[in-house]
Amino acid sequence: MAAGKMLFLAVALVMGPTAAPTGQTQNPFPGAARPPGLTIEVLDSMTRLPGGLSALPMPPIPRQNPQTQAKVELGRMLFFDRRISRDYSMSCASCHDPVKAYSDGRATAVGMCQMNLTRRSPSLLNSAYNSMQFWDGRASSLEGQALQPMLAASEMGMENGKALLARLQKVPEYLRRFNEAFGEEINVQDIRRAIAAFERTLVTLDSAFDRYAGGDKGALTEQQKRGLILFIGKGSCTQCHNGPNFTDNKFHSPGLLPGPQKDLDPGRFAISKRPADRHAFKTPSLRSASQESRFMHNGSITTLAEVIEFYDQGGGQGAKSNLLFKLQLTAAEKEDLLAFLHALAGHVRDDDHSWGNGRK
């Protein structure tokens, strides 16, 4: 069978019904027998996977901020430096710890004076592929994201850009490194560029899934392959978690999340002012999910198994995305899906920045 026809057949077999334009999407065949699904044999023979799932490409590099070794090392120094916070107590790594998949393992982040914030620190792994940053998408690039936590009063608390510059200009090593990386004195724009350049190295290109998608059909176990079939089929996960980075970079409301208190966070609505974006949050990549210990924008779910259970029930109560409906997964299917999510985990290549000559 030709690859194109095989892909069409596979999609027809595994993809569920499309979502209704408004309201909660319901399973239109609640008692019907499940149609014959995609087999592992057919899965292994496919050259393209449904949902645009594929191995990660090299990250896009903006023309106005090409990667250089000097720039990346400067960004790394800034990222781990506590001098960029008002009271010298915090660095970027305080909330984005390499040991914790560049998150912090907390339900929600902790800012200045140990203030509990309202959102979980998202992992920075593979954020280079995101078209929007933060849970509410208020920054469109890593450069746009870089300084916001430093200048936020509740986070790192620097008074303004001038105060940040004055702090760094007192450090001889920074004077030298900025000159080496940019050929000019320290300025706010180059601080953004350096940190963004470092964050673009936080990519995980070596997961079992990447090897499988690249042609090594033995890279996934039989259980993980069953989980992949569920991911693109009965689980309907690719409705939101699609593409190489397993995110649509869009905003969805999951409904009421677990916990004793009602979540009043307006989500994307605070930025867009569109009523449809109320309580909607950016779809996170799943590539680092098995390396994290908290989930959802407010950290209210503590295990991936509980995340699967939450979505198997059609998400939370109340207003939510019309892409959510009860999945009716069996216990064995939930285990298979969890096994596949573990196959997405990879590691950062710390000392190899040679890939960074690409252009966007």
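The values are calculated or read from the model by the stated rules, or taken from the named source; none is laboratory data. Since the structure is predicted, the reported quantities are computational estimates derived from the model, not experimental observations. Counting neighbours? That spans all protein chains shown, and the Cβs are built from the backbone with ideal geometry, glycine included.
Among all residue pairs at least 6 apart or on different chains, which show Cβ distances below 9 Å where the first residue, located in the range 236-265, is among the basic types (Lys, Arg) and the second is at pLDDT below 95?
Lys262/Leu256
In the list Ala276, Ala280, Ala219, which residue meets the criterion of being touching a His at 6+ places or on another chain (Cβ under 8 Å) and aliphatic (A, V, I, L, M)?
Ala280
For the range 322-337, which positions are surrounded by fewer than 20 Cβ atoms within 10 Å (Cβ to Cβ) and touching a residue at least 40 places away in the same chain (Cβ under 8 Å)?
Asn322, Leu323, Lys326, Gln328, Leu329, Glu333, Glu335, listed by residue number.
Considering only the range 73-100, how many residues are free of Cβ contacts under 8 Å to residues at least 60 places away in the same chain and in a loop (DSSP other than H, G, I, E, B)?
Of the residues in the range 73-100, 6 are free of Cβ contacts under 8 Å to residues at least 60 places away in the same chain and in a loop (DSSP other than H, G, I, E, B).
Suppose we filter the range 135-154 for residues that are in contact (Cβ under 8 Å) with a residue 60 or more places away in the chain and at negative phi; how many remain?
Final tally of qualifying residues: 6.
Being of a type outside the set (A, V, I, L, M, F, W, C) and assigned to a loop (DSSP other than H, G, I, E, B) is the filter; apply it to the range 121-133 and report the residue that is surrounded by the fewest Cβ atoms within 10 Å (Cβ to Cβ).
Applying the filter and picking the extreme gives Ser131.
Among the residues of the range 245-285, write down those that are in a loop (DSSP other than H, G, I, E, B), in contact with a helix residue (DSSP H, G or I) (Cβ under 7 Å, 6 or more places away or on another chain) and surrounded by fewer than 22 Cβ atoms within 10 Å (Cβ to Cβ).
Listed by number, the list holds a single entry, Arg278.
Report those helices (runs of 4 or more DSSP H) wholly inside the range 134-232 carrying at least 3 residues which are over 26 Å from Phe281 (Cβ atoms) and under 25 Å from the mean Cα position of the chain (by Cα).
Of the helices (runs of 4 or more DSSP H) lying wholly inside the range 134-232, those with at least 3 residues that are over 26 Å from Phe281 (Cβ atoms) and under 25 Å from the mean Cα position of the chain (by Cα) span 188-199, 208-213, 222-232.
Any residue in the range 38-57 that is in the same structural domain as Ile232 (by TED's automatic domain parsing) sitting within a Cβ distance under 7 Å of a residue that is assigned to a loop (DSSP other than H, G, I, E, B) and among the charged types (D, E, K, R)? List the pairs, counting only those 6 or more apart or interchain.
Asp44/Lys217
Scan the range 233-243 for residues that are within 15 Å of the chain's Cα centre (by Cα) and not in a loop (DSSP other than H, G, I, E, B) and report the count.
Qualifying residue count, the range 233-243: 2.
Identify the single condition in (1) at pLDDT 95 or above; (2) part of a loop (DSSP other than H, G, I, E, B) that Thr118 does not satisfy, given that it satisfies every other one.
(1)
Assess whether Gly161 counts as being under 28 Å from Asn242 (Cβ atoms), surrounded by fewer than 21 Cβ atoms within 10 Å (Cβ to Cβ), touching a residue at least 24 places away in the same chain (Cβ under 8 Å) and not acidic (Asp, Glu).
no
Tally up the residues in the range 241-276 that are touching a strand residue (DSSP E or B) at 6+ places or on another chain (Cβ under 6 Å) and closer than 15 Å to Asn322 by Cβ, please.
The qualifying residues number 3.
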